[in-house]
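Notes follow the structure.
The values are calculated or read from the model by the stated rules, or taken from the named source; none is laboratory data. Since this is a predicted model, take the numbers as computed values, not measurements. Neighbour counts run over all protein chains shown; Cβ positions are idealised from the backbone, glycine included. SASA here: full protein model, heavy atoms, side chains in, ligands and nucleic acids out. Shrake-Rupley method; radii C 1.70, N 1.55, O 1.52, S 1.80 Å.
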Amino acid sequence: MTPLPRKQVAIIVAHPDDETLWAGGTILSHPSWECFIVCLCRGSDLERAPRFKQTLVLLHAEGIMGDLDDGPEQTPIPDFDLQYAILQLLPTTHFDLVITHHPAGEYTRHLRHEETSRAVIELWLAGKITATTLWLLPKNTNWLPKN
Ligand SMILES: [Zn+2]
């Protein structure tokens, strides 16, 4: 009997660590998934880029980093530039599942998360990312401190 083909999963996040914070448990609890993680920022960050590579090993995933602006000003990135960067980094293949940020970000508001979410959704709706299913990370306000 031939084994079932492994589920092809892409995780598209703005920053290193986002994949671990919001999808690490999900990735590790699905060892049959073949995961590819796209991290859009910090590719030239001498501290965070090597840690991202180590994380890929721990998550048994493949992945790649981009180097989009992530400065303290958080200047908005034009939709076209973000979509172009995603398409450059993401392998051209059909994914069973794509996971990305929530359009309103997660428990802390972060412009890059919101922009990434919007870009992935638009690419998916336009058929430029082909995936059977798109999951958006939960906007979990329960994690906010109560004060
Ligand atoms: Zn982030």
| task | With runs of 4+ DSSP H residues as the only contributors, calculate the mean residue ellipticity of the chain at 222 nm using -39,500 (n - 2.57) per run, divided by the residue total and rounded to the nearest 500. | result | -10000 deg cm²/dmol
| Dipole magnitude (debye, nearest 20) for the chain, charges at Cβ of Lys, Arg, Asp, Glu | 460
| said: If I fit a long axis through the Cα atoms of helix 111-125 and take the longest principal axis of the Cα atoms of the chain, what angle between them do I get, 0 to 90°, rounded to 10? | reply: 40
| note | Taking Cα atoms, the helix 18-28 axis meets the longest principal axis of the chain at an angle in degrees (rounded to 10) of 20
| Say each of residue 92 and residue 46 gets a label point 7 Å from the Cα, pointing the same way as Cα to Cβ; how far apart are those two points in nm? | 3.7
| Sorted by accessible area with a 1.4 angstrom probe, largest first, how do 135, 22 fall? | 135, 22
| Accessible solvent surface per residue of segment 17-132, calculated while the other protein chains remain in place, 1.4 angstrom probe, Å² | 52
| What percent of all Cα-Cα pairs in the chain falls in each 5 Å bin, counting up from 0? | 2, 10, 20, 23, 22, 14, 6, 3, 1, 0, 0, 0
| task | Enumerate the aspartates and glutamates that residue 53 could reach by cross-link, defined here as Cα to Cα under 13 Å, with residues fewer than 8 away along the same chain left out. | result | 17, 19, 45, 62
| At a probe size of 1.4 Å, how large is the accessible area of residue 130, to the nearest 10 Å²? | 60
| query | So what J values fall out for segment 127-135 if you push phi through Karplus, 6.51 cos²θ - 1.76 cosθ + 1.60 with θ = phi - 60°, rounded to Hz, Gly and Pro as x? | reply | x, 7, 10, 9, 8, 5, 9, 10, 10
| What is the calculated FRET efficiency for residue 139 to residue 17, with r their C-beta to C-beta distance and R₀ = 22 Å, to the nearest 0.05? | 0.75
| said: Accessible area of the chain with a 1.4 Å probe: how many percent of it is carbon plus sulfur? | reply: 59
| field | Extension gain, residue 60 back to residue 28 (0.36 nm per residue minus Cα-Cα distance, nm) | value | 10.7 nm
